[in-house]
Amino acid sequence: MKFFIKFEKWLSGLGAILSALFIVALVLLILTEIFSRTLFDKSTMIADEYSGYFYLASVFLGLGYTFSQKAHIRINILTARLSKTKQNYFDIFAGTITFAVISFIFYRVILMCLDAYSFDILSEGVSETPIYLTQIPMIIGSFIFVISILAFIARRFSNDS
């Protein structure tokens with residue numbers, strides 16, 4: 001079990017690094033667009049399209065790390081009044097429901113990406129980017145999130161908050 005927890009920390013950390021890299025790429029792309037328009041009166045023509053892709057990638061890749069760092073919003077009005085043992089049971093119950101929902105999202109994102117690949121769907125922008133390429137970070141990020149939820153449940157079962 002300790003190996004799984006370490007693997008989750010490593011994987012969510014990797015997701016956070018990739019998320020940060022996409023944020024940096026987003027900022028650089030927007031700065032390039034600003035300077036290109038200001039200095040040369042030209043546009044990259046892809047900045048608005050790719051900034052959306054980079055933002056989506058950064059959000060999905062950061063979900064697992066955010067969850068493992070307890071940075072997601074939690075409403076604990078009810079659980080704050082419970083004993084530590086009951087809080088643990090409630091966390092296991094909530095984690096199991098969350099695991100089911102996010103696993104379903106993970107499954108649907110995979111199907112969506114496979115459909116985009118098999119039908120060769122391209123973006124409607126100037127770049128005509130294959131959409132499945134922009135959906136791969138969603139698959140990776142959802143997977144990391146699922147692993148983070150499983151590690152959360154495992155920690156609660158071993159009473160290791």
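The values are calculated or read from the model by the stated rules, or taken from the named source; none is laboratory data. These figures come from a predicted structure and were not determined experimentally. Cβ atoms come from the backbone with ideal geometry, glycine included; neighbour counts cover every protein chain shown.
Points worth noting:
- The residue of the stretch 62-94 that is farthest from Leu14 (Cα to Cα), among those that are aliphatic (A, V, I, L, M) and surrounded by 13 or more Cβ atoms within 10 Å (Cβ to Cβ), is Leu82.
- Flag if Tyr55 is in a helix (DSSP H, G or I), of a type in the set (Ser, Thr, Tyr), under 21 Å from the mean Cα position of the chain (by Cα) and within 18 Å of Ala16 (Cα to Cα): yes
- Cβ pairs under 7 Å, 6+ apart, first in the stretch 128-144 and under 19 Å from Leu26 (Cα atoms) and without any contact (Cβ under 8 Å) to a residue 60 or more places away in the chain, second assigned to a helix (DSSP H, G or I) and β-branched (Val, Ile, Thr): Gln135/Val109
- First in the stretch 93-118 and of a type outside the set (S, T, N, Q), second anywhere and modelled with pLDDT under 95 and assigned to a helix (DSSP H, G or I), Cβ under 8 Å, 6 or more apart: Gly95/Arg156
- The one condition in (1) crowded, with 19+ Cβ neighbours inside 10 Å; (2) among the polar types (S, T, N, Q); (3) within 23 Å of Met1 (Cβ to Cβ) that Ser158 fails to fulfil: (1)
Here is a yes/no grid of residues against (1) of a type outside the set (D, E, K, R); (2) surrounded by 13 or more Cβ atoms within 10 Å (Cβ to Cβ); (3) over 28 Å from Glu124 (Cα atoms):
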| position | (1), (2), (3) |
| --- | --- |
| Glu8 | no, yes, yes |
| Ala20 | yes, yes, no |
| Glu33 | no, yes, no |
| Phe40 | yes, no, no |
| Glu49 | no, yes, no |
| Leu56 | yes, yes, no |
| Phe60 | yes, yes, no |
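- Residue identified as part of a helix (DSSP H, G or I), buried (at least 16 other Cβ atoms within 10 Å of the Cβ) and under 23 Å from the mean Cα position of the chain (by Cα) among Ile140, Ile97: Ile140
- Residue in the stretch 68-85 that is in contact with a Pro (Cβ under 9 Å, 6 or more places away or on another chain), assigned to a helix (DSSP H, G or I) and over 24 Å from Ala151 (Cβ atoms) present: no
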